Amino acid sequence: MSHVHLSRVNRGWVLRSHDHLSAHDVDAALHTVRSSGGGSVRWFVFEPTDAEIASAERHGLRADAPLLHMRCSLPLVADHRVAEGFVTRPFRPGVDNAAWLEVNARAFADHPEQGDWNEEVLVEQLAEPWFDAHGFLLHEREGSIAGFCWTQVHDHTVAHDHGRSDAHDHTHTAPVGEIYVIGVDPAFHGRGIGRSLTIAGFAHLAHRGLRQGMLYVAGDNTPAIALYESLGMTVVRRDHVFVGTIS
Ligand SMILES: CC(C)(COP(=O)(O)OP(=O)(O)OC[C@H]1O[C@@H](n2cnc3c(N)ncnc32)[C@H](O)[C@@H]1OP(=O)(O)O)[C@@H](O)C(=O)NCCC(=O)NCCS
């Protein structure tokens, strides 16, 4: 089953493939998950077949909101205005970890997969070869982190795998700049911080020479989709998502 990609992502598992999977493929992949201790599973499928839907049901996986892939040309045509009293600065590994984890948990309280990140997961991500502190921007007010925009560059010579379903695309196309994680502390929602951070993140990527921007967003995340569409991003692909726990 060489076309099946099963990876550990943070504390869960991600299953994806470039072709449709047979019942046998799915059984084998989930058997691997089970025999390696089990855990939460997210399976990304583009236009699932009846056989894939049946396999998901058989393993107790349910359909979650689809995953949208959104893209834009860089540089964005948008003014970068930071709300009064807020400053923009890069993340400082080791210094900002605890404060960032708290804001991340609050921003993603409804999305445990991202909101449950702990020090260990963060440190692992900060040690990735692609990590660049200058591409991990914070908006801060009076010493408190109000929001963050963490970018990542996908170079066509490097095959990244952080659990999303189109790493394959990146290996054969021009480099793409991704907004990897973006969040605003709920105490600061609705004040233009998310907009300013998105623009700052893509401006950083454009400055690094990237001409294509992208991000992934859950299809039920209305505020985020409205924000990205208002900045000219468009949905280029929609993956079905099956989720569940394998024990
Ligand atoms: C998405 C998010 C970053 C927006 O941050 P924010 O600072 O509240 O957003 P802004 O004040 O900059 O608003 C910018 C635009 O977002 C959209 N928006 C924001 N909140 C919205 C809401 N509740 N409903 C609909 N649209 C909304 C609007 O288009 C808004 O533009 P407008 O003010 O001209 O109407 C924030 O809601 C958040 O952190 N959510 C949780 C984490 C998350 O989902 N991250 C994105 C993962 S891809």
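A compact table of results
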quantity	calculated
Computed Rg/Rh of the range 1-142, alpha carbon atoms with Kirkwood Rh	1.05
Stretch in the chain that is longest and holds no GluC sites (Glu not before Pro) that DSSP places in a loop and that have at most 16 other beta carbons within 10 Å	143-247
Highest-first arrangement of 129-138, 194-203, where packing means the average Cβ count within 10 Å	194-203, 129-138
Neighbour cut-off at most 13 other Cβ (10 Å), DSSP loop, trypsin sites (Lys or Arg not before Pro), the range 60-99	Arg81
Net charge over other residues, Cβ less than 9 angstrom from the Cβ of Val241 (K, R count +1; D, E count -1)	-1
Translational diffusion of the range 4-66, µm² s⁻¹ [Kirkwood Rh, Cα pairs; Stokes-Einstein; 25 °C; 0.890 mPa s]	207
DSSP-defined beta bridges in the range 4-66 - what % are antiparallel, rounded to 5	65
Normalised alpha carbon radius of gyration of the range 61-128 [divisor 2.2 N^0.38 Å]	1.46
The range 198-247: mean projected area of Cα convex hull, nm²	5.2
Inter-centroid distance (Cα atoms) of the range 64-88 relative to the range 5-47, Å	31
Equivalent-ellipsoid semi-axes of the range 68-239, from the Cα gyration tensor, Å, largest first	23, 19, 16
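FYI, it's all coordinate maths here, none of it is from the lab. Computed from a predicted model, the values in this text were never measured in an experiment. Note that each Cβ is placed from the backbone with ideal geometry, even for glycine, and that neighbours are counted across all protein chains shown.
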